[in-house]
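Here's the structure, in structure tokens; my notes come after.
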Amino acid sequence: MQTGGERRVTLEGEYDLLRQAEVAEIFGSLPALKQLDLDFSAVTYVDSTFLGELARLHNRLPGCRISLTGANPNLKKIFDVVGFGQIFAIKTSESE
């Protein structure tokens with residue numbers, strides 16, 4: 001969904017080295033936005049390759065507020081450990 005500088009991208013499954021090109025293509029195709037919501041509700045696993053792509057996305061879209069929404073407790077813990085709470089808005093549900 002996209003409206004006036006806002007977009008929501010729904011991710012699903014496991015994201016590891018085997019899906020790096022797919023993630024790079026998805027993130028690389030995003031235009032300059034004011035708000036981006038990445039929906040992790042259906043994501044079960046991420047590795048450092050995916051975390052690197054998220055960091056590149058943050059650097060590529062300066063000024064864009066990026067939210068990581070719906071992460072399960074394991075993903076949220078990973079995001080917290082790597083300090084992503086300092087550069088992304090991490091929400092466990094859409095109502096936050």
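The values are calculated or read from the model by the stated rules, or taken from the named source; none is laboratory data. All figures in this text were calculated on a predicted structure; none of them were measured in a lab. When we count neighbours, we look across all protein chains shown, and the Cβ atoms used for this are built from the backbone with ideal geometry, even at glycine. The area values use the complete protein model at the heavy-atom level, side chains included, leaving out ligands, DNA and RNA. Shrake-Rupley method; radii C 1.70, N 1.55, O 1.52, S 1.80 Å.
Using a cut-off of 10 Å between beta-carbons, work out the net charge of the residues near Q35 (Lys and Arg +1, Asp and Glu -1, Q35 not included).
Local net charge: +2.
Please report, in debye to the nearest 20, how large the charge dipole of the chain is about its Cα centre when each Lys and Arg carries +1 at its beta carbon and each Asp and Glu carries -1 there.
Here the size comes out at about 360 debye.
In whole percent, how big is the carbon plus sulfur part of the accessible area of the chain, probe 1.4 Å, protein atoms only?
Answer for the chain: carbon and sulfur cover 52 percent of the accessible area.
Given 0.36 nm per residue, what is the gain on full extension from L30 to A55 after removing their alpha carbon distance, in nm?
Answer, rounded to one decimal: 7.6 nm.
How large is the accessible surface per residue of the chain, computed with a 1.4 Å probe and reported in Å² as a whole number?
Ligands and nucleic acids excluded, the figure is 57 Å² per residue.
Could you work out the relative contact order of the chain? I mean the mean sequence separation of Cα pairs under 8 Å and 6+ apart, divided by the number of residues, in percent.
It comes to 28 percent, rounded to a whole number.
Give me the net charge for the shell around L17: Cβ to Cβ below 14 angstrom, other residues only, Lys and Arg +1, Asp and Glu -1.
Residues close to L17 contribute a combined charge of -4.
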